[in-house]
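Undergrad: Just passing along the structure, written as C-alpha cells.
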Amino acid sequence: MKKRIAVLGATGSIGKSTIDVLREGREYFEAVLLSSHRDVSGLLALSREFPGAALALTGLESAPGVSALPKGVYRGKAGLLRAVAGTAPDLTVNGIAGAAGLEPSLAALEAGADLALANKETVVMAAPLVFALAKKKGRRILPVDSEHHAVSSLLEARRRENVEEIILTASGGPFRKRKREDFAQITVEEALAHPTWNMGPKITIDSASLANKGLEVIEAAGLFNMPPDRITVVIHPQSIVHSMVRLKDGAVYAQLSRPDMRLPIHNALYYPECTPCSLGRLDFTGGLTLEFEAPDFEAFPMLPLAYEAVKQGGLYPAAYNAANEEAAAAFLTKKAGFLDIPRIVEYVLDRDWHTTGNLESPEALRVILEADGMARKIAHAYISENNLCS
Ligand code: MG
C-alpha cells in the first residue's frame with residue numbers, strides 16, 4: 001500500500017523539493033493533500049499532476065485565478081486544518097513558513113499522522129505541547145531541517161545517552177566577512193543573496209542575521225531534549241557538514257552531503273528505510289575543503305539572544321520567534337534596517353515571558369498564541385515609535 005502524504009506549503013521551497021521526491025517515488029507515495037498560501041497557479045499545476053490530491057489555499061480568499069481552482073478546494077486556515085483531519089495522511093510534510101505552521105502541525109498529529117517537520121517554529125514555539133501530543137498519539141516527529149536531520153540520524157546511530165554535545169553548523173550567511181561598521185548599510189537585496197542555500201525570503205533574511213541558527217538552537221534543545229549549554233554553533237561556510245555530535249569519549253561524528261533539502265525530505269518520507277537517492281554524490285578527490293570557525297556573537301546578537309530565550313524557557317522562545325518574524329518582515333519591506341532586527345527582538349525579550357501555565361496541556365496553545373500576538377504588538381510599537389529607517 002502506498003504511503004499517504006500531505007504536503008503543507010507545497011508551492012514553497014520545501015514543498016517543491018518534496019514534490020520532486022514524490023515524483024521520483026510515485027510507486028511508494030500517494031499525495032492526498034497539497035496546500036499553498038497564495039500561489040494559485042502553482043497549486044493549479046500541482047492539481048493537474050496529482051489529480052487525486054485534495055487542495056487547500058490558506059491566503060487570498062478572492063484573487064484573480066482563484067475561480068480556476070477545482071471545486072471543493074479547502075479555503076483559509078480553518079479549511080486547511082479541516083483538510084488535514086479529513087484526508088487522513090500517514091505522513092504530513094509541514095513546509096509552511098513561520099508561526100502559521102504551528103496549528104497545522106498539531107492538527108496533523110491529532111489526525112494520527114507522523115510529522116516531517118520543516119517548520120521549525122512548531123518546536124520553537126510549542127515543544128512541550130507538540131511532544132506531549134505526539135506521545136499521546138504514538139506518532140513520530142521527523143526533523144526536515146538539514147542540521148536536525150543530521151543530528152537525528154547521528155543520535156540514532158550513536159545513541160542519545162552517549163552524546164555529550166550537539167554541534168550545529170551554520171554557513172555564516174552573506175555577511176560573515178563584512179566589516180561590522182558597514183552592517184547599518186546592508187540592503188535587502190544583499191541579504192537575500194545566500195552563498196550556499198537556495199531558500200524562501202524570510203529564512204534567507206534569518207540566515208543573514210543568524211536568527212535562523214538561533215531558532216535552530218532552540219529547535220535542537222526542544223527536539224533532542226538537550227540543555228542549551230550542550231549545543232554549540234560553529235560556522236562552516238561550505239554547508240557540506242550538516243551537523244555533528246561529540247560523544248562522551250570525545251569522538252566527533254558528522255553527517256556530510258551536498259546542500260540539498262531533498263535528502264532530509266527523502267529520508268523523512270522513506271523513514272525508517274535508507275533507500276537509494278538520485279541526488280549527486282560528494283566527490284572527495286576534487287580538492288574538497290572544509291573550514292570551521294567560531295561565530296561572532298557580538299556582530300550577530302540574534303544568536304546569543306536565542307541562547308538566552310531557550311535558557312529562560314517558558315514563552316521566551318515563542319516571543320523570540322514572533323519578534324524576529326516582525327523584525328525580518330520590517331527589514332524585507334524596508335521599514336527597518338539590518339541592525340534593527342536584533343534591537344527589536346531584544347526590546348521584546350526585555351518583557352517578562354515566564355509563565356506558570358502547563359505548556360504540555362492542550363490549553364497551552366491559547367497561551368502560546370497570545371504570547372505570539374503580544375510579542376508582535378510590542379515589536380510593532382517599537383518599530384513605529386522609533387521611526388526606523390526614516
Ligand atoms: Mg537549517
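Undergrad: Tally up the residues in the stretch 262-291 that are in contact with a Ser or Thr (Cβ under 8 Å, 6 or more places away or on another chain) and either modelled with pLDDT under 95 or exposed (fewer than 14 other Cβ atoms within 10 Å of the Cβ) (or both), please.
TA: Residues that pass the stated criteria total 2.
Undergrad: Still on this structure, I have one more. Here is a list of conditions, (1) at negative phi; (2) within 16 Å of the ligand (Cβ to nearest atom), and PHE175 meets all of them except one; can you say which number that is?
TA: Failed condition: (2).
Undergrad: Select from the stretch 113-129 the residues that are more than 16 Å from the ligand (Cβ to nearest atom) and out of contact with any strand residue (DSSP E or B) (no Cβ under 7 Å at 6 or more places or on another chain) and list them in ascending order.
TA: Hits for the stretch 113-129 are MET125, ALA126, ALA127, PRO128, LEU129.
Undergrad: May I pose another question? If we scan the stretch 186-200, do we find a residue that is away from the ligand (no atom under 15 Å from the Cβ), closer than 18 Å to LEU303 by Cα and surrounded by fewer than 23 Cβ atoms within 10 Å (Cβ to Cβ)?
TA: Within the stretch 186-200 (the criterion being away from the ligand (no atom under 15 Å from the Cβ), closer than 18 Å to LEU303 by Cα and surrounded by fewer than 23 Cβ atoms within 10 Å (Cβ to Cβ)), the answer is no, since none of the residues qualifies.
Undergrad: Here are GLY112, GLY173: which of them is over 24 Å from GLY313 (Cα atoms), modelled with pLDDT under 95 and either in the same structural domain as GLY95 (by TED's automatic domain parsing) or not in a helix (DSSP H, G or I) (or both)?
TA: GLY173
Undergrad: Sticking with this one: Here is a check on your reading of the model: is GLY287 assigned by TED's automatic domain parsing to the domain that holds LYS213 and not hydrophobic (A, V, I, L, M, F, W, C)?
TA: For GLY287, the condition - assigned by TED's automatic domain parsing to the domain that holds LYS213 and not hydrophobic (A, V, I, L, M, F, W, C) - is met.
Undergrad: Within the stretch 140-168, take every residue that is more than 9 Å from the ligand (Cβ to nearest atom) and hydroxyl-bearing (Ser, Thr, Tyr) and give me the one that is farthest from ILE205 (Cα to Cα).
TA: SER153
Undergrad: Mind listing whichever residues of the stretch 308-335 are over 19 Å from GLU219 (Cβ atoms) and of a type in the set (A, V, I, L, M)?
TA: ALA329, ALA330, LEU332
Undergrad: Just to be sure I understand, how many residues within the stretch 218-253 are in contact with a Ser or Thr (Cβ under 9 Å, 6 or more places away or on another chain) and over 30 Å from PHE29 (Cα atoms)?
TA: 8
The values are calculated or read from the model by the stated rules, or taken from the named source; none is laboratory data. Bear in mind that the values here come from a model prediction, so they are computed numbers and not experimental data. Because the Cβ atoms are built from the backbone with ideal geometry, glycine has one as well, and the counts that use them run over all protein chains shown.
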